[in-house]
Amino acid sequence: MSEAKVFVPPIKIQGIKTKIVPLIKENVLLTKDTVWVEPFMGSGVVGFNVAPHRAVFADKNPYIIDFYNGIRSGDITSGRTKSFLEKEGELLSRNDDAYYYEVRERFNKYHDPLDFLFLNRSCFNGMVRFNKDHIFNVPYGHKPNRFSKAYITKITNQIAHIEDLLKINDWSFVCQSFEETIKMADKNSFVYCDPPYIGRHVDYYDSWDENFELLLKNMLVGSDVKFMLSTWDHNDYRKNKYIDAVWGFCGKITKEHFYHVGAKEKNRNNMTEALLINYDIAGNEKHIVHNDEQLSLLTYN
Ligand SMILES: C[S@@+](CC[C@H](N)C(=O)[O-])C[C@H]1O[C@@H](n2cnc3c(N)ncnc32)[C@H](O)[C@@H]1O
């Protein structure tokens with residue numbers, strides 16, 4: 001599947017896996033009875049594109065979960081979102097940053113899922129970040145005309161697509177820590193984990209550290225599930241030491257990916273992402289994925 005066909009969900013988040021969805025889809029192991037379990041759903045881009053019939057999507061961030069439960073209950077619809085964004089977008093274009101910060105304050109008081117969407121789509125870089133008191137603190141993205149007609153249509157189409165998926169699939173959304181979610185999994189489950197990248201950006205809703213990484217590994221190993229875990233492998237300067245130390249028993253699929261910080265060529269950075277799996281693919285053989293991007297060797301340890 002080409003990247004162009006990946007469905008991008010309405011809520012964005014740093015570390016969103018849009019670019020590696022095709023590689024993930026190629027390497028997951030599902031049957032028609034599999035229950036997809038995703039303890040760190042974030043934007044949900046992975047599960048929404050794998051689109052299994054049965055799934056449990058979970059995250060520690062209650063606002064992501066409230067948002068999707070709002071769509072599930074019919075409280076948030078594409079039509080209601082359109083009117084909301086038209087009205088709020090107009091106020092933003094008139095009052096610029098003062099209005100962004102007004103909505104941010106309102107959200108931190110009342111936690112309306114549509115305010116969360118508004119902030120997510122007008123804040124700096126589509127980030128989701130909270131301080132230690134769980135106050136959303138991402139600054140304004142400085143685009144007063146953010147909610148153009150075309151942009152609102154794009155967002156409402158994204159919501160309409162989720163509405164369609166919820167009609168045909170049996171999906172639930174739960175706010176809980178990964179330990180609880182992994183406990184819900186059994187041998188019919190496929191668990192896809194995308195925790196905050198250890199040793200890198202860990203600011204989401206709660207922090208992430210070595211103890212969590214070890215607990216995650218122990219819980220996955222202690223349960224009878226097939227799993228895939230996303231993490232970072234290395235960049236030009238550093239290697240993720242936890243891959244060998246914690247996840248050395250897993251098969252590893254890697255993909256190199258370039259990103260820019262600013263416009264200059266010298267700021268082009270290289271990051272290799274890893275998918276770690278506890279099952280056999282392609283007959284336990286060394287496996288090479290070819291496409292026109294910089295995909296690297298897959299090794300089964
Ligand atoms: C790297 S992001 C997931 C990105 C997602 N795969 C995507 O493509 O959009 C990590 C997510 O883990 C959540 N998270 C952090 N600590 C958690 C915990 N202890 N239990 C469950 N979720 C947690 C964060 O709120 C965040 O949404």
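FYI, it's all coordinate maths here, none of it is from the lab. None of the values given here were measured: they were computed from a predicted structure. Ideal geometry is used to build each Cβ from the backbone, glycine not excepted, and the neighbour counts take in all protein chains shown.
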Distant-in-sequence amide H partners of Gln176 (H built 1.01 Å from N, under 5 Å):
Asp59, Lys60
Contact order relative to length of segment 74-159, as percent, for alpha carbon pairs under 8 angstrom and 6 or more apart:
39 percent
Proxy reagent accessibility, fewest Cβ within 10 Å first, across Asp233, Asp133:
Asp133, Asp233
How much length is gained if the chain between Asp164 and Ala245 is pulled fully straight, taking 0.36 nm per residue apart and subtracting their Cα-Cα distance, in nm to one decimal?
24.9 nm
Extension gain from Glu90 to Arg54, taking 0.36 nm per residue of separation minus the Cα-Cα distance
9.0 nm
Among Asp164, Asp112, Asp33, which comes first, second and so on when ranked by fewest other beta-carbon atoms within 10 Å?
Asp33, Asp164, Asp112
Helix 210-222 against the longest principal axis of the chain: what's the angle in degrees, Cα atoms only, rounded to the nearest 10?
60 degrees
Please report the antiparallel percentage of DSSP beta bridges with both residues in the chain, rounded to the nearest 5.
60 percent
For the chain the mean separation of alpha carbon contacts under 8 Å (6+ apart) over residue count, i.e. relative contact order in percent, is 18 percent
For the Cα atoms of the chain, what angle does the longest principal axis make with the long axis of helix 62-73, in degrees from 0 to 90, nearest 10?
80 degrees
How far is it, in nm, from the label point at Asn108 to the one at Asp186 when both lie 7 Å from their Cα along the line to the Cβ?
4.5 nm
How large is the dipole of the chain about the Cα centre if only Lys and Arg carry +1 and Asp and Glu carry -1, each at its Cβ, rounded to the nearest 20 debye?
620 debye
Return the loop-located trypsin sites (Lys or Arg not before Pro) in segment 90-188 (DSSP other than H, G, I, E, B) with at most 10 other Cβ atoms within 10 Å of their own Cβ; answer none if there are none.
Lys132, Lys187
With the convex hull built on the alpha-carbon atoms of the chain, volume per residue in Å³ sits at 140 Å³
Mind listing the phi-derived Karplus ³J(HN,Hα) values for segment 44-58, rounded to whole Hz, using 6.51, -1.76 and 1.60 with θ = phi - 60°, and x for any glycine or proline?
x, 4, 6, x, 5, 8, 5, 6, x, 5, 10, 7, 10, 9, 9
Arrange Met271, Met41, Met219 by Cβ neighbour counts within 10 Å, fewest through most, would you?
Met271, Met219, Met41
For segment 17-26, Karplus-derived ³J(HN,Hα) couplings (6.51, -1.76, 1.60; θ = phi - 60°; whole Hz; x for glycine and proline) come out as 9, 3, 5, 10, 3, x, 5, 4, 4, 5
Grab the alpha carbons of segment 74-159, take their convex hull, and tell me the volume per residue in Å³.
90 Å³
